[in-house]
Amino acid sequence: MRTKKLDFEVNEGGCFIVTSHRLNKDGYGHFRHQGIEHRAHRFVYQECFGEIPDGLVVRHKCDNPSCINPEHLELGTPKENMHDAIQRKRNAYGVRNGSSTIDDKMARNIKSMLKEGEPTRKIMNELSVSLKTVRLIREGKSWKHVDL
């Protein structure tokens, strides 16, 4: 079976943007090769630099998921990749996060009550939220994007 050639166009940032294959909903080029589904950037990385070691992912230095320029690709850990997404504001947070149990207004209310020194139990009872929700907000680990 023959695989379609991987074509691209170069944009102003030097990214090689896949034009010959479909892009998935997240913007990554993908295709089938020898019966296996591949993401284009991973395939190009392997062709240029060799196998991707277990536990590592191919990251985009350019923050463009459609880019297959080998100079824009680097290996990293999933944690580093997530850090990139957070720094570039590409991660789902707040109400966009599928597991969110409160909204921005509720988070703002919790922050306000915490700032006023209200006990955690009182906040939990008055707003019908979990201990974990209040604790994560108090510790600055969630809803950081919501200001008072």
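The values are calculated or read from the model by the stated rules, or taken from the named source; none is laboratory data. Here the structure is a predicted model, which means the values were calculated and not measured. All Cβ positions, glycine included, derive from the backbone under ideal geometry; neighbour counts span all protein chains shown.
Could you check, for the range 6-19, whether at least one of its residues is part of a strand (DSSP E or B), at pLDDT below 90 and more than 20 Å from R90 (Cβ to Cβ)? No - not one qualifying residue is present in the range 6-19.
Restricting the search to the range 99-142, which residues are outside any helix (DSSP H, G or I) and loosely packed, with under 14 Cβ neighbours inside 10 Å?
Here is the first cut: in the range 99-142, the residues outside any helix (DSSP H, G or I) are 99-103, 116-119, 128-130, 139-142.
If the condition is that a residue be outside any helix (DSSP H, G or I) and loosely packed, with under 14 Cβ neighbours inside 10 Å, then S99, T101, D103, E116, G117, P119, S128, S130, E139, G140, K141 are the ones that fit.
In the range 26-72, counting only strands (runs of 3 or more DSSP E) that sit wholly within it, none holds 3 or more residues that are of a type in the set (A, V, I, L, M, F, W, C) and not assigned by TED's automatic domain parsing to the domain that holds M82.
Scanning the range 42-75 for residues that are of a type in the set (G, A, S) and touching a Cys at 6+ places or on another chain (Cβ under 9 Å) yields a count of 1. Only one of the numbered conditions (1) crowded, with 16+ Cβ neighbours inside 10 Å; (2) touching a helix residue (DSSP H, G or I) at 6+ places or on another chain (Cβ under 7 Å); (3) at pLDDT below 95 is not met by P65, and that is (2).
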